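The block underneath contains the structure these notes are about, expressed in structure tokens.
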Amino acid sequence: MLPSQVLAELGPVLTGERDLAHTAKGALEVVMAAIRASSGALFRFQEKPAMLASIAAQGFVVFPQTAVFPLLPKHVHALTNTPGPQRISRERCDTFLSSTGNISSVWFRCIAPLRVHGKLIGALLLGEREEGVEYTPEVLKQIGDLAPFIALAIHNHQLMMSLEERTADNLKLIASVRSFWDEALAAFAATIDVKSVQMQGHSLRVGRYAAGIAESLGVTAAEVHEMRAAGYLHNIGMVTVDKHLFSKPGALEPGEFLEMADHTVQGHRIVSTVQFPWPKIPEVVRSHHERADGSGYPDHLHNDEVSMPVKIVAVADTFDAMLSDRPYRKKLTLGEAAAQLSWLAPSKLDGEVVHALLVQLRRDAGSRVSPPRPWSTTQDKTRKMFLDPAVACNISPPDIDHMVSELNRRITRGRVTLS
Ligand SMILES: [Fe+2]
């Protein structure tokens, strides 16, 4: 076969979107057919510990799953520096291969080192040629012409695998760092709320609801994570507030209200000194009591002046507060809280965010009234409930559907009026 024909056959084999084993097997078959070798094996070079390990073999009666030749420095040196394919014999084997492998080097008659930019990548070892003909200088040259292409293909595969491994390692590292942050912030969130029995668990629940709303809005996993953290920390400024204010029955005096409201500014001051992996935390801490019509505090910002994370935590915070007892009022039922929340949008709370919360409630209510269907996806069956386990999901899907429809009507009417 002409060298150009061999290269034409080898090209698609080496550049196809296949794994290393398939590519190696295809390349070996092309080379063996071209030079009429009856057996052969392709090896990749592993540096630490130095060895050749097989990635394809053909024509042997028995062959290990992975054949290996441990290499001494002199073998690596010879394979790296020999000018091209060499005939090997029982006597010359020791130059390139050790005798401590799990196959015998006497099976081979020719060795072609595979190198890229002078770096050893592997080796092509070939057995007897058909009818016992010799490896002539012309055949050795032909093998030498093909070797760089095979070497490059193996090298590229190894680079890709190494890149994938490094990416996987980095993702694992990120996951472990996130897990660490989650646990540390959850513990911190619990300490923020210790000043009052009625506040206990509030920050953890706000983190839970904020993450659930974010999921419903279809944001990325990283943004969901950020929202959970923002919910955990939104009230961090409460650590500066006099604990007696939390248990005072009735309305707060103006001065007391100012002290309580100042937890946004004090919290912002605290978190601004910390380099969080989530850039929106300081803004959420400062602005989670702002309201869409500018009636909130501390900066009287309107809906279009705060970011989506602020709007999400504002809704999550309000929702959990409605479902919790306070010294001056009893908690609302889930239906009452959902209805009030819905009525507060879009004048006080962001309509899109309240809608996202109602969607999560609808899912909870739906999974409560009907068991998982046989054709449910795995995601359906493993879906985590949005509501905190302590909250009874005593609301019907049609009631939520009605709220959603009313909310959509108000939001649409608002847009028409504004235009
Ligand atoms: Fe707050």
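The values are calculated or read from the model by the stated rules, or taken from the named source; none is laboratory data. Quantities reported herein were computed from a predicted structural model and do not represent experimental measurements. Reconstructed Cβ throughout: ideal geometry from the backbone, glycine too, with neighbour counts over all protein chains shown. Side chains included, ligands, DNA and RNA excluded: accessible areas come from the protein's heavy atoms. Shrake-Rupley method; radii C 1.70, N 1.55, O 1.52, S 1.80 Å.
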Worksheet item: For ALA229, are the conditions met, namely being within 20 Å of the chain's Cα centre (by Cα) and within 16 Å of the ligand (Cβ to nearest atom)?
Response: yes
Worksheet item: Looking at LEU7, LEU2, which is the one that is open to solvent by 80 Å² or more (accessible area, probe 1.4 Å) and either at pLDDT 70 or above or not hydroxyl-bearing (Ser, Thr, Tyr) (or both)?
Response: LEU2
Worksheet item: Within the stretch 335-348, can you find the residues that are in contact (Cβ under 8 Å) with a residue 40 or more places away in the chain, under 17 Å from PHE386 (Cβ atoms) and buried (at least 22 other Cβ atoms within 10 Å of the Cβ)?
Response: ALA338
Worksheet item: If you check every pair at least six apart or on different chains, which have Cβ atoms under 7 Å apart with a residue in the stretch 231-257 that is among the β-branched types (Val, Ile, Thr) first and a residue that is in a helix (DSSP H, G or I) and away from the ligand (no atom under 12 Å from the Cβ) second?
Response: ILE236/ILE270; ILE236/VAL271; VAL241/GLU259
Worksheet entry | Looking only at the stretch 232-246, and only at residues there that are closer than 21 Å to TYR328 by Cα and surrounded by 13 or more Cβ atoms within 10 Å (Cβ to Cβ), the one that is nearest to the ligand (Cβ to nearest atom) | ASN235
Fill in: Per-region count, the stretch 305-334, residues open to solvent by 30 Å² or more (accessible area, probe 1.4 Å) and away from the ligand (no atom under 15 Å from the Cβ)
10
Worksheet item: For PHE108, are the conditions met, namely being at pLDDT 90 or above and either among the hydrophobic types (A, V, I, L, M, F, W, C) or over 16 Å from ALA37 (Cα atoms) (or both)?
Response: yes
Item to complete: Those residues that are within 14 Å of the ligand (Cβ to nearest atom) and open to solvent by 70 Å² or more (accessible area, probe 1.4 Å), I need them from the stretch 259-285; list them, please.
Response: GLU259
Fill in: Filter result (buried (at least 18 other Cβ atoms within 10 Å of the Cβ) and part of a strand (DSSP E or B)) within the stretch 112-149
ALA112, PRO113, LEU114, ARG115, LEU120, ILE121, GLY122, ALA123, LEU124, LEU125, LEU126, ARG129
Worksheet, complete the sentence: Considering residues that are open to solvent by less than 10 Å² (accessible area, probe 1.4 Å) and under 15 Å from VAL353 (Cα atoms), the number found within the stretch 213-231 is 4
